[in-house]
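Reviewing the structure listed below.
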Amino acid sequence: MDVIVEARGLRHVFAGGVVALDGLDLRVEKGRRLAILGPNGAGKTTLLLHLNGTLRPQSGQVLIDGQAMEYDRAALNRWRRRVGLVLQEPDDQLFAATVFEDVSFGPLNQGLGEAEARNRVEEALQALRIAHLADRPTHMLSFGQKKRVAIAGAVAMRPDVLLLDEPSAGLDSMGTAHLLSALEKLRDGGTTLVFTTHDVDLAWQWADQVALFHQGQVVAQGGAAEILGDAQILAPVHLQVPLVLALGLRARALGVLDARDDLPRRRAEAAALVEKWAV
Ligand SMILES: Nc1ncnc2c1ncn2[C@@H]1O[C@H](COP(=O)(O)OP(=O)(O)O)[C@@H](O)[C@H]1O
Ligand SMILES: [Mg+2]
């Protein structure tokens, strides 16, 4: 598998002596969905800010396609075009008067002509199902709407890698479902997706790969079932095996689920399995 973004030995100590990243290694494989899973304060946000060049490591390096990144203005511009970041708080990201203007900013800034930029914006708004909000003032939107506008802004840049910081934070279950289906479309289009979360259920529902974060380091990285299904790996980080996965693994062990069949990812799939079990 091709590695598109890699962090090697990243270290970042904030003023006051807080060690946020402590020699962190991470590999992001092309076209995959990677969940960076860890408790609050583990350093997840700090890591994403390094992966798009917003923060510079005090030691270690970030590589894109195997090439160590540089921090001059031209290199940073190229970098941010390839690696988009959606912040946890949409208010930290949105700044233009209207939704359309906000989402246009990136494409226009990339030097695209007005017609091409407009296409990009319309496509991004449609992908996030917010075309009807195009002319609305950003400051009058609901939290979930703002979040989708922020993501549309990143999508309009057509990044190869999209980093999302706690994408479901503050969204209700419907909002999260819409968001995941929009991200699914991006993934189908080839975008590599990396998201942070402290929610094991969300990670299991949606990630191919999981990196487990603890005290500024990635303590385990691998396939979602391999990491999230292993209570011994999760215990030191105070996380538990997601219920849907635990059920699937138990059903497999008992022969209710064939070893060749996929493990359930969603609640509805788990419920169907229980029905089968009960018969
Ligand atoms: N700007 C900052 N100045 C000082 N300390 C910070 C700053 N940003 C984050 N930290 C500290 O660094 C650690 C990691 O923070 P963060 O990356 O936000 O973790 P997470 O996103 O996993 O919750 C925390 O202890 C946090 O308090
Ligand atoms: Mg955070």
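The values are calculated or read from the model by the stated rules, or taken from the named source; none is laboratory data. A quick note: this is a predicted structure, and the numbers were derived from the prediction, not measured. For neighbour counting, all protein chains shown are included, and Cβ atoms are generated from backbone atoms with ideal geometry for every residue, glycine included.
Quick check on this structure: which one of Leu263, Leu257, Leu245, Leu228 is buried (at least 19 other Cβ atoms within 10 Å of the Cβ) and at pLDDT below 95?
Values: Leu263 fails: at pLDDT below 95; Leu245 fails: at pLDDT below 95; Leu228 fails: at pLDDT below 95.
From the options Leu263, Leu257, Leu245, Leu228, the qualifying one is Leu257.
From the set of residues in the stretch 146-199 that are outside any loop (DSSP other than H, G, I, E, B) and basic (Lys, Arg), which is surrounded by the fewest Cβ atoms within 10 Å (Cβ to Cβ)?
Lys185
Do any residues in the stretch 28-41 that are away from ligand 2 (no atom under 16 Å from the Cβ) have Cβ atoms under 6 Å from those of residues that are of a type in the set (Asp, Glu) and assigned to a loop (DSSP other than H, G, I, E, B), where the two are at least six apart or on different chains, and which pairs are they?
Lys30/Asp2; Arg32/Asp208; Arg33/Asp208
Is it the case, given these coordinates, that Gly9 is in a strand (DSSP E or B) and surrounded by fewer than 18 Cβ atoms within 10 Å (Cβ to Cβ)? Break it down stepwise before answering.
Working: in a strand (DSSP E or B): yes; surrounded by fewer than 18 Cβ atoms within 10 Å (Cβ to Cβ): yes.
Against the criterion (in a strand (DSSP E or B) and surrounded by fewer than 18 Cβ atoms within 10 Å (Cβ to Cβ)), Gly9 qualifies.
Which one is surrounded by the most Cβ atoms within 10 Å (Cβ to Cβ), of the residues in the stretch 92-126 that are part of a helix (DSSP H, G or I), in contact (Cβ under 8 Å) with a residue 40 or more places away in the chain and small (Gly, Ala, Ser)?
Restricting attention to the stretch 92-126, the residues satisfying the condition of being part of a helix (DSSP H, G or I) are 92, 99-109, 114-126.
Right, trim to in contact (Cβ under 8 Å) with a residue 40 or more places away in the chain and you get 99, 102-107.
Within this subset, residues satisfying the condition of being small (Gly, Ala, Ser) are 104, 106.
Values: Ser104: 22, Gly106: 24.
Of everything passing the filter in the stretch 92-126, Gly106 is surrounded by the most Cβ atoms within 10 Å (Cβ to Cβ).
Could you look through the stretch 187-220, keep only residues that are more than 15 Å from ligand 2 (Cβ to nearest atom) and among the β-branched types (Val, Ile, Thr), and pick out the one that is nearest to Gly23 (Cα to Cα)?
Val218
So which residues in the stretch 195-252 are touching a residue at least 40 places away in the same chain (Cβ under 8 Å), within 16 Å of ligand 1 (Cβ to nearest atom) and among the β-branched types (Val, Ile, Thr), if there are any at all?
The answer is Thr196, Thr197, Val200, Val210, Val218, Val237.
Is there a residue being over 26 Å from Glu29 (Cβ atoms), within 16 Å of ligand 1 (Cβ to nearest atom) and not aromatic (Phe, Trp, Tyr) anywhere in the stretch 132-142?
First, the residues of the stretch 132-142 that are over 26 Å from Glu29 (Cβ atoms): 132-142.
Checking which are within 16 Å of ligand 1 (Cβ to nearest atom) leaves us with none.
No, because not a single residue in the stretch 132-142 is over 26 Å from Glu29 (Cβ atoms), within 16 Å of ligand 1 (Cβ to nearest atom) and not aromatic (Phe, Trp, Tyr).
Of the residues Leu55, Leu48, Leu85, Leu26, only one is assigned to a helix (DSSP H, G or I) and either surrounded by 15 or more Cβ atoms within 10 Å (Cβ to Cβ) or away from ligand 1 (no atom under 15 Å from the Cβ) (or both); which? Outline the logic, then answer.
On the way: Leu55 fails: assigned to a helix (DSSP H, G or I); Leu85 fails: assigned to a helix (DSSP H, G or I); Leu26 fails: assigned to a helix (DSSP H, G or I).
When all the criteria are applied, what remains is Leu48.
Does Leu76 count as surrounded by 15 or more Cβ atoms within 10 Å (Cβ to Cβ), away from ligand 1 (no atom under 16 Å from the Cβ) and of a type outside the set (Asp, Glu)? Lay out the reasoning, then the answer.
Values: surrounded by 15 or more Cβ atoms within 10 Å (Cβ to Cβ): yes; away from ligand 1 (no atom under 16 Å from the Cβ): yes; of a type outside the set (Asp, Glu): yes.
Against the criterion (surrounded by 15 or more Cβ atoms within 10 Å (Cβ to Cβ), away from ligand 1 (no atom under 16 Å from the Cβ) and of a type outside the set (Asp, Glu)), Leu76 qualifies.
Filtering the stretch 133-145 down to residues that are under 20 Å from Pro107 (Cα atoms) and not β-branched (Val, Ile, Thr), which residue is surrounded by the most Cβ atoms within 10 Å (Cβ to Cβ)? Steps first, please.
Of the stretch 133-145, the ones under 20 Å from Pro107 (Cα atoms) are 133-138.
Of the ones still in play, those that are also not β-branched (Val, Ile, Thr) are 133-137.
Values: Leu133: 22, Ala134: 17, Asp135: 9, Arg136: 16, Pro137: 12.
Among those that are under 20 Å from Pro107 (Cα atoms) and not β-branched (Val, Ile, Thr), it is Leu133.
Against the definition (of a type in the set (D, E, K, R), closer than 17 Å to Val86 by Cβ, in a helix (DSSP H, G or I) and assigned by TED's automatic domain parsing to the domain that holds Gly43), how does Glu226 come out, yes or no? Step through it out loud before you land on a result.
Details: of a type in the set (D, E, K, R): yes; closer than 17 Å to Val86 by Cβ: no; in a helix (DSSP H, G or I): yes; assigned by TED's automatic domain parsing to the domain that holds Gly43: yes.
Taking the combined requirement at face value, the residue does not satisfy it.
Sort out which residues of the stretch 46-57 are out of contact with any strand residue (DSSP E or B) (no Cβ under 7 Å at 6 or more places or on another chain) and within 13 Å of ligand 2 (Cβ to nearest atom), and write them in order of number.
Passing the criteria: only Leu49.
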